[in-house]
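Working notes for the structure below.
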Amino acid sequence: IPPFQYYLKERVSSGKITVDVLDAQGQLVLSLPGSNRKGVNKVYWNFRMKPPRTASGGTKMDIGGFVAPMVLPGNYTVVLKIGESAYSSPLVLFHDTADRAFTLAERNRQFETAMALYGLHEQLASFVDTVNARQKWVRSIDGKDKKTIASLKSYDADLEGIRASCLATKQKSIFADEERLRERITDVYVAVCSQEAAPSNLQLDRIALLKSELQQLQGKYQATEDKYMPLRKKLSGIK
């Protein structure tokens with residue numbers, strides 16, 4: 001893969017240097033750090049976009065947050081930013097028609113599927129943020145009587161059960177086999193992003209199941225919120 005190259009007459013001593021890749025709509029695909037050395041500088045791009053935001057707060061790292069889909073053929077703009085200055089250049093990516101084992105139609109289906117999983121990761125991340133915020137609030141309340149304290153403990157336990165269904169919360173090693181929804185999404189996501197082929201029927205079926213599982217957890221969380229609404233009203237007036 002040929003690099004982006006730029007020449008600096010002198011070493012840049014202040015200001016951030018980045019190489020941004022924008023799509024045809026002007027949306028940022030990926031921002032790459034540049035070097036400030038005098039002379040010719042090179043920045044390499046693997047034709048992939050920014051990885052998704054994955055659910056946080058688990059006990060082990062999830063590799064889904066380090067993997068990204070390869071972009072589709074089309075028109076892009078490369079923008080070199082040096083401090084407050086910006087220099088742009090057009091870039092066109094073409095599909096390799098010589099590779100008959102991976103057609104453009106298959107590439108499009110692969111990208112569409114990868115992005116569906118990308119979206120699932122980000123939806124789960126937002127959902128876990130919501131659960132974490134509610135759990136933080138519950139744990140911040142100082143119950144004044146035994147009944148309230150017991151209710152808060154029960155509320156926290158229900159929330160922890162939902163959170164523990166979303167991502168690994170017990171085994172700390174990345175090699176551990178504790179697998180929850182986040183890890184199951186990553187399993188399919190990494191496979192789809194890594195293959196030069198259209199998604200299989202098995203992968204598509206798994207995506208449908210993962211979407212359903214997320215919806216069920218969201219429903220369980222809403223039921224939990226409804227269950228403890230009187231308690232929240234009593235303690236803080238939250239509706």
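Odds and ends about this structure:
- Residue among Asp20, Asp142, Asp62 with the largest mean-square fluctuation in a Gaussian network model of the chain, springs linking Cα atoms under 10 Å: Asp142
- Candidates Gln25, Gln215, Gln123: whichever shows maximal mean-square fluctuation once the chain is modelled as a Gaussian network with Cα springs under 10 Å: Gln25
- For the chain, averaging the sequence separation of C-alpha pairs within contact (under 8 Å, six or more residues apart) and dividing by the residue count gives a relative contact order of 19 percent.
- Cα-projected label distance for Arg184 with Ile1, points at 7 Å along beta-carbon direction, nm: 3.2 nm
- Cα→Cβ-extended label distance, 7 Å offset, between Ala197 and Asn75, nm: 3.5 nm
- Average projection, convex hull of the Cα set of segment 85-230: 14.7 square nanometres.
- Surface composition of the chain: carbon plus sulfur atoms contribute 53% of the solvent-accessible area (1.4 Å probe, protein chains only, all chains present).
- Note on Ser154 and Arg48: their simple-model spin labels are 4.7 nm apart, each label 7 Å out from Cα toward Cβ.
- Seen against the Cα atoms of the chain and their longest principal axis, helix 201-227 is set at about 40 degrees.
- Those aspartates and glutamates that a straight Cα-Cα span of less than 19 Å connects to Lys60, excepting residues fewer than 8 apart in one chain: Glu122, Asp129, Glu160, Asp177, Glu178, Glu179, Glu183, Asp187
- On Cα atoms only, tilt of 104-140 relative to the major axis of the chain in degrees: 40 degrees
- Here the Karplus curve 6.51 cos²θ - 1.76 cosθ + 1.60, taken at θ = phi - 60°, turns the phi angles of segment 186-199 into couplings of 4, 4, 6, 4, 4, 4, 5, 5, 8, 8, 9, 6, 5, x Hz, with x standing for Gly and Pro.
- The chain: most fluctuating residue of Phe102, Phe94, Phe47 per GNM, C-alpha cutoff 10 Å: Phe94
- Helix-only mean residue ellipticity at 222 nm for the chain, each DSSP H run of n ≥ 4 adding -39500 (n - 2.57), per residue, nearest 500: -15500 deg cm²/dmol
The values are calculated or read from the model by the stated rules, or taken from the named source; none is laboratory data. In this text the structure is predicted, and so the values were computed from the model without any measurement. Note: ideal-geometry Cβ built from the backbone for every residue, glycine included; neighbour counts use all protein chains shown. These accessible areas exclude ligands, DNA and RNA; they are computed on the full protein's heavy atoms, side chains included. Shrake-Rupley method; radii C 1.70, N 1.55, O 1.52, S 1.80 Å.
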